[in-house]
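The values are calculated or read from the model by the stated rules, or taken from the named source; none is laboratory data. Since this is a predicted model, take the numbers as computed values, not measurements. Cβ atoms come from the backbone with ideal geometry, glycine included; neighbour counts cover every protein chain shown.
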Amino acid sequence: MAGFPNHGHRIYQTLKPNTIRLIRVSRNSSNSDTLSITWKVVDLSHKGIPYTTISYTWGVKEDDVPLPLEGGCLSIPRNAYSALELLCDHAPARQTKWLWMDCLCINQSDDEEKAEQIAMMKEIFELSTCSIGWLGPRMESSSLTPENGQTSADSDSGMDFLLELARRRPDLERAYNQSNDGRRETPRELENDSRWKDLELVLRLPWWRRVWTLQEFILPKTVTLWCGLRHISREGLCHAAYAIWLCKPNRLLDFESWQPIWGRRRVLQHFTKKPSGAASSLLALMAYTGDSGVKDPVDRINGVMGVVTDERDLGLVRKLDYCVGTGATFTSLVKGWVKTHKSLDIICYASVFTGGAKTYEQRTLPSWVPDWSVPTRPFVVPLMVSQNDNLGPVWSLTSARRRLEFAASGDSRPRYNFSGDGLRLSCTGFLVDHVDGLAALRGPNYPMTQSTLGSDQSTTATSKILEIITRCLVVDRGDRYLNKPALIDNYKEEFLQTALGEQTGTDKSDKDFRAWIRQNRDFRIKGLRLEDLCRTLGARGPAVKVRNKGEKFTTILSDRHNMGLRLMTTVKGNVGMGCRDARTGDAICILLGCNVPVLVRPQSNGTYQLVGECYLEGYMSGEVFAEAKDSETDDFVLV
């Protein structure tokens with residue numbers, strides 16, 4: 001608060017390299033309403049003094065409280081102060097005499113010291129004896145809704161329910177494994193349990209979404225999460241998160257409330273159980289923590305570095321200059337990544353991280369630079385280029401993935417050049433085709449753009465056209481992690497039976513697909529209306545029973561729609577999937593060193609804006625090299 005003095009310059013002495021401050025806190029003997037702080041400077045490499053790290057959220061500056069100390073006064077976050085009070089007054093919370101808390105152990109008035117200490121954060125948390133995740137004091141809330149009338153929620157009850165779910169995890173898992181159809185179901189006694197509201201109150205606390213608290217949850221040897229006087233261990237939380245998933249939580253909790261704990265469980269698994277040789281990458285973590293709250297946009301990078309295990313990413317991030325501004329930092333990251341990984345795949349992330357711009361003209365960064373400053377919904381596989389760079393389940397990290405890689409540009413290395421001002425990326429590739437028609441996506445914002453190809457254009461058999469459409473809709477993969485081959489024969493039958501009303505599944509994905517069919521019944525593929533195509537094939541006789549093997553077609557299609565992919569046709573009669581913001585006339589090109597084709601939008605001055613990645617049937621495994629010679633490559637200047 002502006003009225004509080006901050007005497008950091010009087011209180012702190014300069015730290016020597018590789019040293020940190022620890023604190024000991026107690027109630028003031030002369031005034032029990034205040035706290036007494038004792039400091040100790042230790043060499044981190046000695047590992048001699050047990051200490052506890054405190055993880056918490058800072059909140060807004062206006063809520064800071066004064067902490068009188070010998071030599072002056074410091075202003076610290078209210079949440080930090082309440083955590084210190086817990087440690088003073090509640091013996092079970094305290095396991096070591098000495099503590100480390102960044103707002104007190106780092107001189108917040110000294111930018112140079114802050115930078116040095118932030119660089120040591122991974123080591124500080126890894127070497128701690130234990131860690132406390134302070135969610136905040138006990139909370140109660142009430143709300144009035146037309147459906148339920150007056151409802152109330154209590155964080156103590158929510159924490160107790162979390163512990164109960166952790167205990168019930170084995171029984172819930174056993175029931176799931178023994179079910180005939182592999183479906184998750186909420187136990188009847190939990191369906192209308194009012195404690196879900198209590199749990200939601202706990203899960204919506206800010207701690208779960210702050211990017212800095214992610215590594216503070218992952219790195220320490222042991223972690224205990226406290227909310228008021230209730231607590232749960234990190235292991236217990238992971239059991240509870242899985243129990244919630246087994247209960248089919250979307251019917252009980254908002255996705256935004258339970259996703260963060262599921263995400264932390266997933267990142268912990270990757271950090272501790274990933275197969276040898278597999279590394280957690282910077283891009284995967286930044287995509288999976290897309291909704292994390294940060295004050296400084298570059299903390300989207302810094303906040304996850306403690307759990308990045310890809311040495312190439314660690315090396316390039318250490319070279320970043322954070323004093324040049326957010327945009328220049330993100331641009332430097334792209335340039336360094338391309339050089340280090342010898343790939344252009346990173347530019348495809350720009351279609352996911354658009355900085356909130358509604359049009360390309362409103363972007364503040366070049367079209368090929370992802371703007372990680374604006375939060376996005378976390379998604380495990382946001383892009384096709386995320387195929388080998390995502391935080392899917394640990395069991396999905398199999399050798400099969402390597403055999404199913406997209407490789408539109410074969411094994412070619414990128415040919416590129418960045419302009420001196422960082423605004424242009426010149427790269428070499430092949431101009432393959434142009435977008436003609438685009439199917440509608442769910443909702444009113446992405447309507448259908450009809451193909452211009454007439455009905456006499458197609459000489460392809462209707463059954464083959466359906467196969468091509470089906471393959472495109474799932475991007476030739478049979479699961480959400482893009483690991484497994486697509487079961488095209490099964491999917492064709494599911495597609496046709498759903499389109500003709502022979503299958504009337506009640507899952508959301510089934511309803512969404514039926515709505516998609518209605519939206520796009522007039523869309524022409526290879527000259528045929530989608531509805532006419534289905535009716536022609538439907539006259540072939542009785543429906544073939546679909547074998548229940550692997551994920552359902554409609555479930556996979558829902559995942560592709562969540563990726564923002566939409567069915568497209570091209571000027572040359574090809575079929576594929578374009579990104580959400582694709583337009584008629586966009587050029588489809590395959591850039592050397594990029595694993596998937598991309599859409600680029602021609603500009604009046606001969607340059608191009610990057611629109612995003614796309615799937616083009618028949619061009620995903622280097623086939624372009626059989627059509628074109630190296631001398632037929634084109635140069636694209638992306639702005």
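General observations
- Index of the failed condition, S109 passing every other in (1) within 26 Å of G303 (Cα to Cα); (2) out of contact with any His (no Cβ under 7 Å at 6 or more places or on another chain): (2)
- S409 vs. criteria modelled with pLDDT under 95 and surrounded by 21 or more Cβ atoms within 10 Å (Cβ to Cβ): no
- Any pair with Cβ under 7 angstrom, 6 or more apart, that starts in segment 582-596 at a residue that is modelled with pLDDT of 95 or more and of a type in the set (D, E) and ends at one that is surrounded by 20 or more Cβ atoms within 10 Å (Cβ to Cβ) and part of a strand (DSSP E or B): D586/V435; D586/L599; D586/V600; D586/V611
- Test for N6: is it in a loop (DSSP other than H, G, I, E, B), under 13 Å from E70 (Cα atoms), at pLDDT below 90 and not β-branched (V, I, T): yes
- Scanning segment 16-41 for residues that are over 37 Å from the mean Cα position of the chain (by Cα) and among the hydrophobic types (A, V, I, L, M, F, W, C) turns up V25, L35, I37, W39, V41.
- The lone exception for D291 - which of (1) farther than 30 Å from E164 by Cα; (2) part of a loop (DSSP other than H, G, I, E, B) it fails: (1)
- Scanning segment 12-51 for residues that are in a strand (DSSP E or B), over 17 Å from Q117 (Cβ atoms) and among the hydroxyl-bearing types (S, T, Y) turns up S26, S36, T38.
- Among the residues of segment 105-123, those identified as touching a Leu at 6+ places or on another chain (Cβ under 7 Å) and closer than 16 Å to Y51 by Cα are C105, M120, K122, E123.
- Positions within segment 585-615 being surrounded by fewer than 16 Cβ atoms within 10 Å (Cβ to Cβ) and not in a strand (DSSP E or B), in sequence order: G585, Q603, S604, N605, G606
- Out of L74, L67, L104, one residue alone is surrounded by 15 or more Cβ atoms within 10 Å (Cβ to Cβ), modelled with pLDDT of 95 or more and not polar (S, T, N, Q). It is L104.
- The criterion of being surrounded by fewer than 16 Cβ atoms within 10 Å (Cβ to Cβ), over 20 Å from D299 (Cβ atoms) and touching a helix residue (DSSP H, G or I) at 6+ places or on another chain (Cβ under 6 Å) does not hold for G48.
- The residue that is surrounded by the most Cβ atoms within 10 Å (Cβ to Cβ), among those in segment 273-288 that are without any contact (Cβ under 8 Å) to a residue 40 or more places away in the chain and not aliphatic (A, V, I, L, M), is G277.
- Annotation for segment 161-180: no member residue is surrounded by fewer than 17 Cβ atoms within 10 Å (Cβ to Cβ), more than 15 Å from G236 (Cβ to Cβ) and in contact with a Cys (Cβ under 9 Å, 6 or more places away or on another chain).
- A residue that is outside any helix (DSSP H, G or I), surrounded by 19 or more Cβ atoms within 10 Å (Cβ to Cβ) and not aliphatic (A, V, I, L, M) cannot be found anywhere in segment 313-327.
- Condition met for G618 (closer than 24 Å to S386 by Cα, touching a residue at least 12 places away in the same chain (Cβ under 8 Å) and not in a strand (DSSP E or B)): yes
- Restricting segment 243-293 to residues that are of a type in the set (F, W, Y) and in contact with a Pro (Cβ under 7 Å, 6 or more places away or on another chain) leaves a set whose member that is farthest from W207 (Cα to Cα) is Y288.
- A count restricted to segment 296-312 and to residues that are in a loop (DSSP other than H, G, I, E, B) and without any contact (Cβ under 8 Å) to a residue 40 or more places away in the chain stands at 5.
- For segment 80-165, the helices (runs of 4 or more DSSP H) that sit wholly inside it and include 2 or more residues that are without any contact (Cβ under 8 Å) to a residue 24 or more places away in the chain are 111-118.
- Residue match in segment 351-369 (condition: surrounded by 20 or more Cβ atoms within 10 Å (Cβ to Cβ) and in contact with a Pro (Cβ under 7 Å, 6 or more places away or on another chain)): yes
- Scanning segment 230-262 for residues that are in contact with an Asp or Glu (Cβ under 9 Å, 6 or more places away or on another chain) and under 18 Å from S55 (Cβ atoms) turns up R230, P260.
- Number of the condition not met by N250 [criteria: (1) part of a helix (DSSP H, G or I); (2) surrounded by fewer than 22 Cβ atoms within 10 Å (Cβ to Cβ); (3) under 14 Å from the mean Cα position of the chain (by Cα)]: (3)
- Scanning segment 167-184 for residues that are modelled with pLDDT under 95 and of a type in the set (K, R) returns R174, R183, R184.
- Test set (1) at pLDDT below 95; (2) over 30 Å from G293 (Cα atoms); (3) touching a Phe, Trp or Tyr at 6+ places or on another chain (Cβ under 6 Å) - M448 fails condition number: (1)
Matching residues to (1) surrounded by 14 or more Cβ atoms within 10 Å (Cβ to Cβ); (2) touching a helix residue (DSSP H, G or I) at 6+ places or on another chain (Cβ under 9 Å):
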| position | (1), (2) |
| --- | --- |
| I118 | yes, yes |
| M121 | yes, yes |
| F125 | yes, yes |
| L135 | yes, yes |
| M139 | yes, yes |
| S142 | no, no |
| D156 | yes, yes |
| R183 | no, yes |
| E200 | yes, yes |
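- Residue check for E216: surrounded by fewer than 21 Cβ atoms within 10 Å (Cβ to Cβ) and among the acidic types (D, E): no
- Residue in segment 457-466 that is farther than 14 Å from T555 by Cβ, of a type in the set (A, V, I, L, M) and within 28 Å of the chain's Cα centre (by Cα) present: no
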